[in-house]
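Below is one structure, written out as structure tokens, with a few remarks after it.
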Amino acid sequence: MKKLVSDDVLKEFTERGIANIFPSREEFLNRLKTRKPLAIFLGIDPTGDTLHLGHGAILLRLKTLQDWGHKITILIGDFTAQIGDPDGKLETRTILSEATVTANYQAYREQIGKILNLKKTKFVFNKRWLAKLNFSEIIKLASGFTVGQMIERDMFQERLKKNSPIYLHEFLYPLMQGYDSVKLGVDVEIGGNDQTFNMLMGRTMQKRLGQEKFVIAVKLLTDPTGKKMGKTEGNMVTLADSPNNMYGKVMSWPDEIIWPGFEICTNVSLVDLEKYRKQNPRDAKMALAKELVKIYYGSELAELAETYFIEAFQQKNIPEKVLTVSAKAGDLLADILVSAKLIESKSEFKRLVLGRGICLESGEPVLDLFHKVSHTAVIKIGKKRFIKIEVKQFN
């Protein structure tokens, strides 16, 4: 570690927003204190064209470690993305084409560059070694683990209860992710708490080869029901969202997410956090929204996003009691407004959209006739009509 860091700062790093560190926080803290550079990696399957705030939380921690002189590697699961990780999912993930995986990686790299210094960040692809494994080698890897160990995973237990299928290749996914650790020979793997099982598989494999790996499981940003705020649940704030959209989406969050949002997704000091706790929730949420836009777009655009939101919504005199309706993520906005009788028909919806008469909570107009709702938000129709759409996420 090139940079001299106080013990208090190191200790806070091992605790803030961290669910678990294996084998223990104390051992990892002691390792950090030696100031010897660590080889650290984050694995990401390029299963979509955007990263979200959950990834951003991990990238912020990697940025801190990178600034302290540690070596950061981003492993792109170009092979595993075509298989599909069932972790946290109650259904089988769709297998992606190679062309889609490549396009998604390019988008990821750009978004990762908003946080990490790309010149000091190494990118590797697991297809280089996983595609070369022969059947004998796969059997050898699989022989070190039991079906009982695999079936312990929570999502598999849920599938069994629902009589949903579990496919054989899904048991192989943790083996492949574990093998990534072996090939990289890293000191640390970091990932979301939902990846703990897979990351520990790699730790087990490395220990058998005389290697030692720390596993850092970062807390997940969840909604009040406990569901992860991410791609699958349809309620994510992405690192590719415009500053206005990012700000507006955060302002649509329930108040319960404010403090986890600060803890997990920002580097706001604990002293400042205590100040925000004394404010009313709306002001604290505005501070959170502004801080998040600042992280990914800088102070100037964060100021503009806040101004845009205030002018578009706070100064438009939204009534205290707004018509509230329930919907599912993916429902068409046109259908929701017709059902709520805020508009008479889809023809009226089309006229409003073409005239920029329907606005999202960010203040941006809806321009897509087939706009689908993804998260709870207030929508403005015309000059004086408002509706709050409470979005129920996927089961």
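Key figures
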| quantity | calculated |
| --- | --- |
| Close pairs (6 angstrom Cβ cut-off, 6 or more residues apart or separate chains): farther than 18 Å from PRO243 by Cα in region 49-61, among the aliphatic types (A, V, I, L, M) and in a loop (DSSP other than H, G, I, E, B) anywhere | LEU59/ILE115 |
| Selection status of TYR297, modelled with pLDDT of 90 or more and of a type in the set (Ser, Thr, Tyr) | yes |
| When residues of region 10-29 are limited to those that are in contact with a Ser or Thr (Cβ under 9 Å, 6 or more places away or on another chain) and either without any contact (Cβ under 8 Å) to a residue 60 or more places away in the chain or among the aromatic types (Phe, Trp, Tyr) (or both), the one nearest to ASN198 (Cα to Cα) | PHE22 |
| Helices (runs of 4 or more DSSP H) contained entirely in region 241-285, each with at least 2 residues that are β-branched (Val, Ile, Thr) and surrounded by 15 or more Cβ atoms within 10 Å (Cβ to Cβ) | 258-265 |
| All positions within region 120-157 that are exposed (fewer than 13 other Cβ atoms within 10 Å of the Cβ) and either closer than 22 Å to LEU200 by Cβ or of a type in the set (Gly, Ala, Ser) (or both) | ALA131, SER136, GLU137, ILE139, LYS140, SER143, THR146, VAL147, GLY148, GLU152, ASP154, GLN157 |
| ALA302, sole failed condition from (1) under 26 Å from ILE389 (Cα atoms); (2) surrounded by fewer than 20 Cβ atoms within 10 Å (Cβ to Cβ) | (2) |
| Residue match in region 47-61 (condition: more than 20 Å from CYS265 (Cβ to Cβ), of a type outside the set (A, V, I, L, M, F, W, C) and crowded, with 19+ Cβ neighbours inside 10 Å) | yes |
| Odd one out for LEU32 among (1) among the hydrophobic types (A, V, I, L, M, F, W, C); (2) touching a residue at least 24 places away in the same chain (Cβ under 8 Å); (3) in contact with an Asp or Glu (Cβ under 9 Å, 6 or more places away or on another chain) | (3) |
| Some residue of region 120-127 being assigned to a helix (DSSP H, G or I), in the same structural domain as THR47 (by TED's automatic domain parsing) and without any contact (Cβ under 8 Å) to a residue 12 or more places away in the chain | no |
| When residues of region 329-364 are limited to those that are loosely packed, with under 14 Cβ neighbours inside 10 Å and closer than 22 Å to MET251 by Cα, the one modelled with the lowest pLDDT | ARG356 |
| Criterion: touching a Pro at 6+ places or on another chain (Cβ under 9 Å) and aliphatic (A, V, I, L, M) - qualifying residue of VAL373, VAL391, VAL353 | VAL353 |
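The values are calculated or read from the model by the stated rules, or taken from the named source; none is laboratory data. Not measured: the values here are computed from a predicted model. Using ideal geometry, Cβ is built from the backbone for each residue, glycine included, and neighbour counts are taken over all protein chains shown.
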